[in-house]
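Chemist: Provided herewith is a single structure, encoded as structure tokens, for subsequent inquiry.
Here, each number is a calculation from the coordinates, and none is a lab measurement. From a predicted model like this one, the values you see are computed outputs, not experimental measurements. Don't worry about glycine lacking a Cβ; one is built from the backbone with ideal geometry, like all the others, and counts go over all protein chains shown.
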Amino acid sequence: MSQIKVAIADDHPLFRTALTQAVLKNFDSAEVLEAENFQELISIVEQNADIEIIFLDLHMPGNDGFTGLTLLQNHFPDIVVIMVSSDDQPDIVRKAINLGASAFIPKSANLTQISTAIATVLEGEVWLPEHTDINVDLQTAAEHQRLAKQLAQLTPQQYTVLASIANGRLNKQIAYDLDIKETTVKKHVSAILLKLEVYNRTQAGLVFQQLMLTNNDSNHDKQVVNG
């Protein structure tokens, strides 16, 4: 295969190395950029407009659950995102795919499986760990897909305002953080409520918090320490 630029965002050096080997196995020529936290990843993406694939650790520093996935899709919709994690329970895998990830690679995967996942994604298909049924709960899947579409409709600044609302920031604080007028924040909030089809900022914050695994996944029955 031809030249490609890839970003690997994971705070575990050994797994970054494994992913890099798999990438190089699938391409004749590849440039691999590495990030140890989510903010570093965003900086790399902003400086490299030609990145095509991002490997994103589910629980890396700065990435709270699926907030990183949806932010990347909102800000950089042309980039393919592959989730990676040792937390590979079926409900977590399904949620990642339903929210728009192109693959979910467990950290227990070997080099051959990782390479297969990359090849599958490059063919425009979704790759899942073996024996993972994506169609178990169609209602929940539909809800997650609807949420992903709603978040994708937000402008990048509206997405940032929504995340701030979910973190309990007031309009005046958000205006200060983003260096914009409070009236502009209010306009963003009104647009957010309309696009998310909710009636107030509290409901909007709760919508966003659905992306945060540790607080909102009833099936997530273990405390996650590392991705």
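Chemist: For the chain, give the share of DSSP beta bridges that are antiparallel, in percent and rounded to the nearest 5; count only bridges with both residues there.
Modeler: So the antiparallel bridges in the chain amount to around 0 percent.
Chemist: Going toward the positive end of the dipole of the chain, with +1 on Lys and Arg Cβ and -1 on Asp and Glu Cβ, which of T132, F76, G205 do you reach last?
Modeler: G205
Chemist: Which aspartates and glutamates have a Cα less than 17 Å from the Cα of K5, not counting those fewer than 8 places away in the same chain?
Modeler: K5 reaches D28, E31, E34, E40, E46, D50, E52, D78, E123.
Chemist: Under 10 Å, Cα contacts only: if you run a Gaussian network model on the chain, which one of G168, G205, G68 comes out with the highest mean-square fluctuation?
Modeler: Maximum fluctuation in the GNM of the chain, among the listed residues, is at G168.
Chemist: Another question, if that's okay. Which one, F38, L24, I54, projects farthest toward the positive side of the charge dipole computed for the chain from Cβ point charges (K/R +1, D/E -1)?
Modeler: F38
Chemist: Let me ask something else. Would you list, by chain and number, the aspartates and glutamates whose Cα falls below 16 Å from the Cα of K172, excluding same-chain residues fewer than 8 positions away?
Modeler: E182
Chemist: List the equivalent ellipsoid semi-axes of segment 138-216 in whole Å, largest first, each obtained as the square root of 5λ for an eigenvalue λ of the Cα gyration tensor.
Modeler: Over the Cα atoms of segment 138-216, the semi-axes work out to 23, 13, 10 Å.
Chemist: Can you sort D137, D88, D78 from fewest to most other Cβ atoms within 10 Å of each residue's own Cβ?
Modeler: Ranked by crowding around the Cβ, least crowded first: D78, D137, D88.
Chemist: What value does segment 4-122 have for Rg/Rh, both radii from Cα atoms and Rh as Kirkwood defines it?
Modeler: Reported Rg/Rh (Cα atoms, Kirkwood Rh): 0.91.
Chemist: Roughly how tilted is helix 156-166, in degrees to the nearest 10 and between 0 and 90, from the longest Cα axis of the chain?
Modeler: The two axes meet at around 70 degrees.
Chemist: Please compute the contact order of the chain in relative form: average sequence separation of alpha-carbon pairs under 8 Å and at least six residues apart, divided by the residue count, as a percent.
Modeler: Worked out over the chain, it gives 18 percent.
Chemist: Sticking with this structure for a sec: In square nanometres and to one decimal, what's the mean projected area of the convex hull around the Cα atoms of the chain?
Modeler: 12.3
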